[in-house]
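Read-outs throughout are calculated quantities, based only on the coordinates presented, and are distinct from any laboratory measurement. Treat the numbers as computed from the prediction; the structure is a model and nothing was measured. Cβ placement follows ideal geometry from the backbone for every residue including glycine, while neighbour counts extend to all protein chains displayed.
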Amino acid sequence: MNETTDESMTSSKPYLIRAIYDWILDNQMTPHLVVDAGFPDTRVPMEFVADGRIVLNIAPGAVRSLVIGNDWIEFNARFGGVARDVLVPTEAVVGIFTRENGQGMVFPEPSYPEPTQAANAPASGPKLAALPDTKGGSGDKPSPDRPKGKKGAPTLKVVK
């Protein structure tokens, strides 16, 4: 009998990302990734990063050449009308959810690799910012849960 230890197993995260992505598409909804933009080697359009995070629409109609690999998620998409290449280490993914109802999966905070130089690097990345709720709201009145101008923005919900 072959026994494996936790140390020899590959990460389940890319498999879960692919499974949730397929589940979202099977339900005719729009998949979005929440990415820790400060994670090493992450290439995303920084002008769209807020509080260290970026939310990326990865629906087939929004991206080209999407590859959700075991180590990297890569695709091409338009941001403000400009085509950009996006490269995200799977470890930098904080969550995957639907735009329509916020269902999906949230992952533990990414573990940053040990710094190679003795610098005063932070021990962990930026914290996940609360995303505005897509339900209800109080009209034009801004609140911490629904900032003004963010109507219909996605939310994250933990699915058990």
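Restricting attention to region 56-115, the residues that are touching a Phe, Trp or Tyr at 6+ places or on another chain (Cβ under 9 Å), touching a residue at least 40 places away in the same chain (Cβ under 8 Å) and aromatic (F, W, Y) add up to 1. Within region 27-42, the residues that satisfy the criterion of being farther than 15 Å from A59 by Cα and assigned to a loop (DSSP other than H, G, I, E, B) are A37, G38, F39, P40, D41, T42.
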